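First up is the structure itself, then whatever we jot down about it.
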Amino acid sequence: MSNRALEVVEFLLTAHLYTEDRDLDENDLPPRYRRVFWSEPEDDDGDDEAESNVVGIERPLVVTESVARKATGVEHPWDAISDLLFTQQEDFSGRLSLTQPEMATEWYLDRADRDRLETNPTIAAAVETRDDVDVTHAEAREQTRPIQADRVWIDSLLEEYFDEDEDGEMLDLVQVRAPEEIEMTLDDLVLTTDQEGEIHKLMQAIEHREYLAEIGLREIGKILFVGPPGTGKTTVSRALAHELGLPFVEVKLSMITSQYLGETAKNVEKTFEVAKRLSPCILFIDEFDSVAKTRRSDEHAALKRAVNTLLKSIDDISLIRDEVILIGATNHPDQLDAAAWRRFDEIVNFPKPDTQMRADILRIITKRMDITEFDPEAVAELTEGLTGSDLRMVFREAVLEALTEERTTLTQQDIVEAVEDFEERDNLKNMNMMSDGDQLVAGDGGDDHAHDHSHDH
Ligand SMILES: Nc1ncnc2c1ncn2[C@@H]1O[C@H](COP(=O)(O)OP(=O)(O)OP(=O)(O)O)[C@@H](O)[C@H]1O
Ligand SMILES: [Mg+2]
């Protein structure tokens, strides 16, 4: 019997059991199933937006071929199960269902391993008392990502909070990522011992937050990442969200302070509201230094108000109470005033990588590349002062350069040359910043255009 049948039967059984058992909620459905049963908020031409726009998942869960295909990835769901005795397809509606759920349960339990059952709280709830089953409902719930981390949930929440016409600008200010959408994980990053320690501490704090609340320890969960551009502050924060299975709410502070936004203070408040509604989640505030700048200078009153709202919101939010982890990031620690520093209970340094770290980063970057006589240690020696982001750039250039010669295998020499090119470009860029740029005309060094390598988006 093929695995495809197992996929489809599991789906049908889950839909059936969920429909029957009213005690189950959305978090009992595996995320891949939730997605297909999610119904959009209805547009009830109303002004009463705030009340029940998050519609969610409604019973009964009706399974058609296309729904089953989407949930299971099986191309022809009915074909996969049509020869089983306990399944049927209704002629008229095309609906798939179980004629004998008990038989389907037996069939499923004969074939599903522990890992499978462990990620399906709905089925676990129905069978946990049986002798031949050693997975409990509680265990399966524990293994299953909460609905707050699902893209559908995040979208409906954003829609509810930020009216597109009114708050179009808001979408530039905040970005929310579902953990599944984050590509780089902690394994792809080379961390200092200090960074590893802090991350571990944070994960422990999250796990034991009830205990921490009990003993009255509340000053945790607000961390500031400090370091030059390209040292992994953003990537580590996102990877953490991925690792913990939490939504990642990202705010760019320069968006608040660089331009006049009509309702900025209100939008800052909304951002924190969204973070609280998405909790548990990570709220990442990038370019934290722009806050301090605004406070010092003679800025527009509306901006000052926005910044004060921000600082107050930071004070008010808590890992223990709201289940929101706050991570701030800055390239310019020298520009932060005492008021900003004081709001974080841990500071984590993101230095430029040393030789050993560079060699490790190089090994990660090149994991899937084909390079003859590659010597990461030697390249690390050559790249003093370069960040992880710079190293990525060097390799991108080396790869593209080789492609112009139709080569997909690189040599150590290609890389050494790419490092030299990079350094030359970097020098040009610095010159460009100091002069007015007029001296830099075509032909003086092969620099195509000055790259801004501080961002990876
Ligand atoms: N320690 C590292 N290990 C592996 N890769 C790294 C490391 N640091 C940086 N990188 C690479 O550089 C890219 C850019 O890093 P990232 O955007 O996280 O830097 P940042 O510190 O947030 O910079 P900025 O201050 O400009 O926002 C990452 O996507 C990653 O590929
Ligand atoms: Mg960043």
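Where a number appears in this text, it was derived from the coordinates with a stated rule and is not lab data. Everything quoted here is computed from the prediction, not taken from an experiment. Neighbour counts run over all protein chains shown; Cβ positions are idealised from the backbone, glycine included.
Across the cross-link table entries Lys70/Lys270; Lys222/Lys276; Lys252/Lys312; Lys270/Lys312; Lys222/Lys270, which are compared at the Cα atoms, the separations over 23 Å belong to Lys70/Lys270. Counted by Cβ distance under 13 Å from Ala359, the other residues give a net charge of -4, where Lys and Arg count +1 and Asp and Glu count -1. Partner lysines whose Cα lies under 24 Å from the Cα of Lys429, excluding those fewer than 8 positions away in the same chain, are identified as Lys233, Lys352. Across the stretch 304-317, coupling constants 3J(HN,Hα) worked out from phi with the 6.51/-1.76/1.60 Karplus curve, θ = phi - 60°, read 4, 4, 4, 5, 5, 4, 4, 4, 5, 4, 5, 4, 7, 8 Hz, and Gly and Pro carry x. A cut-off of 5 Å between modelled amide H atoms, ignoring neighbours fewer than 5 places along the same chain, links Ile347 with Leu224. Here the Karplus relation 6.51 cos²θ - 1.76 cosθ + 1.60, evaluated at θ = phi - 60°, turns the backbone of the stretch 117-126 into coupling constants of 5, 5, 10, 10, x, 4, 5, 4, 4, 6 Hz, with x for every Gly and Pro.
Between Ser66 and Gln143, the modelled labels are 3.2 nm apart [label points 7 Å from Cα along Cα→Cβ]. With all projection directions averaged, the alpha carbon convex hull of the stretch 181-221 covers 3.9 nm². For the stretch 79-91, backbone phi angles converted through the Karplus equation (6.51, -1.76, 1.60; θ = phi - 60°) give residue-by-residue couplings of 4, 5, 10, 4, 8, 7, 6, 9, 10, 8, 10, 6, 4 Hz, Gly and Pro being listed as x. Straightening the chain between Asp155 and Glu420 buys 90.9 nm, computed as 0.36 nm per residue apart minus the Cα-Cα spacing.
Mean sequence separation of contacting Cα pairs (under 8 Å, at least six apart), scaled by the length of the stretch 354-413, corresponds to a relative contact order of 45 percent.
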